[in-house]
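The values are calculated or read from the model by the stated rules, or taken from the named source; none is laboratory data. The model shown is predicted, which means the values in this text are computed figures rather than measured ones. Positions of Cβ are backbone-derived with ideal geometry, glycine not excepted, and every protein chain shown enters the neighbour counts.
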Amino acid sequence: MALGIREVIEKARSELSLLTALEVGSTLGAARDSDGWLVSIEVIEKHSLPDGMDVLATYETKLDPDGNMLEFKRVRMRKRIDTEDVED
């Protein structure tokens, strides 16, 4: 039986945390493609004081249809205080 999006996200978050030893924050997105799943997750790379100076990173994880992680890579880093431009 194929995994649903909730199970895939849970597996991606758990595996990324175990592999990187980093604290997982938000799930930014998840999409199914012909090879499996792509899940984007934000993690805390470094805690700082004040919290606004924490360094956050976005990781993309690739999972097969059964939810086994095939690869992961860090694609972006930012300070928590930095915001992204939002297009209308």
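The table below gives the values:
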| item | result |
| --- | --- |
| Check on residue 61, among the hydroxyl-bearing types (Ser, Thr, Tyr) and crowded, with 16+ Cβ neighbours inside 10 Å | yes |
| Any pair with Cβ under 6 angstrom, 6 or more apart, that starts in the stretch 1-17 at a residue that is in contact (Cβ under 8 Å) with a residue 40 or more places away in the chain and in a loop (DSSP other than H, G, I, E, B) and ends at one that is of a type in the set (Phe, Trp, Tyr) and surrounded by fewer than 18 Cβ atoms within 10 Å (Cβ to Cβ) | none |
| For residue 54: the one exception among (1) over 10 Å from residue 8 (Cβ atoms); (2) surrounded by 13 or more Cβ atoms within 10 Å (Cβ to Cβ); (3) under 14 Å from the mean Cα position of the chain (by Cα) | (3) |
| Unique match (being modelled with pLDDT under 90 and either in contact with a strand residue (DSSP E or B) (Cβ under 8 Å, 6 or more places away or on another chain) or in a strand (DSSP E or B) (or both)) among 52, 29, 25, 67 | 52 |
| Odd one out for residue 21 among (1) under 19 Å from residue 55 (Cβ atoms); (2) over 11 Å from the mean Cα position of the chain (by Cα); (3) surrounded by 12 or more Cβ atoms within 10 Å (Cβ to Cβ); (4) not acidic (Asp, Glu) | (3) |
| Members of the stretch 50-70 found to be out of contact with any Gly (no Cβ under 9 Å at 6 or more places or on another chain) and among the polar types (S, T, N, Q), listed by number | 58, 61 |
